[in-house]
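These notes are about the structure you will find just below.
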Amino acid sequence: MGYHTTVPGLPARTLYRIWLMLVAGILMLGSGAAQAQEAVANAQYTDQVAIITGSSHGLGHELATLGAGMGMKLVLVDMRPEESEKLAAQIRNDGGQAMVIEADLADPARRADVIEQAMDAYGRIDFLFNNAGYSYLAKLEQMDLEQAHRLFEVNYWAYADLAQRVIPIMRAQGGGTIVNVSSILGMRPAPAGLGHYAATKHALHGLFQSAAQELAADNIKVFLAAPGGMKTKISQHSTGPMADPESDRAANWEDPAIAARDIFEHMQGDEVVFNPGYVGRQ
């Protein structure tokens, strides 16, 4: 390949190298700008206190991991706290702040304890991620009323109770954010056997779409994140006559880390109901 002089005193080879350096510099500037923009976006979460329920597995675990990376102070809540304890220890080893509360959210007294312990530890609550939940699998004619009531305590009443308890705290602070993890089954018909689970999700939509309007003037943002199927422990933790803990119907579903990132992104907007993950991209 030959080189020809295009600028007096500068061979084409030298000009080509200068051009490559300029392109590399522009790319680096673009990358730096993107990184700076991301840093600004993340800065708003630094030292913000977030309660995350159902933090040991799945979406809750991913929300906690993301929040820790952005400098949030975390209150991790789970009735099976072992994995949350490991995550909290790692966060503290990395210089962050995280505590774990073991709680069965079907018990209203434990829900009160969560808020009290969070306030004792950090003195404020900026984010509430209502995420804990499970599925009770039964056709209507198979329904055990006691088990169905317990499902609603965890999947619906705990969300309502915790949200009600943080409202005055957030109002006094000048604002806050409440994210309720629903499901696409709260927006579409559910398959046979999943009616009770879907009913809890439909109930969340009914309550929190109204709450979003009620709290807007207090600068308290309310969201309903309704993902599709994610790789979680939902099969292993299911109850009811149609449950099969040995099978894993979530094995080939979406990585919950994708939905977690989408949730943080959507919190920048004002759309109350959204579908994180692949459902939102269809």
Need one value: the accessible area of His196 in square angstrom, 1.4 angstrom probe, rounded to the nearest 10. 30 Å²
How many nm separate the modelled label positions at Arg188 and Gln44, each set 7 Å beyond the Cα in the direction of the Cβ? 3.0 nm
As a test question: what accessible area, to the nearest 10 Å², does Arg165 have when a 1.4 Å probe is rolled over all protein chains in place? 90 Å²
Please list, in chain and number order, the residues 5+ apart from Ala243 or on another chain whose amide H is under 5 Å from its amide H, with Hs placed from the backbone. Leu137
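The values are calculated or read from the model by the stated rules, or taken from the named source; none is laboratory data. What you see is a predicted model; the values in this text were computed from it and never measured. Note that we place each Cβ from the backbone using ideal geometry, even for glycine, and neighbour counts take in every protein chain shown. The accessibility values were calculated without ligands, DNA or RNA, using every heavy atom of the protein model including side chains. Shrake-Rupley method; radii C 1.70, N 1.55, O 1.52, S 1.80 Å.
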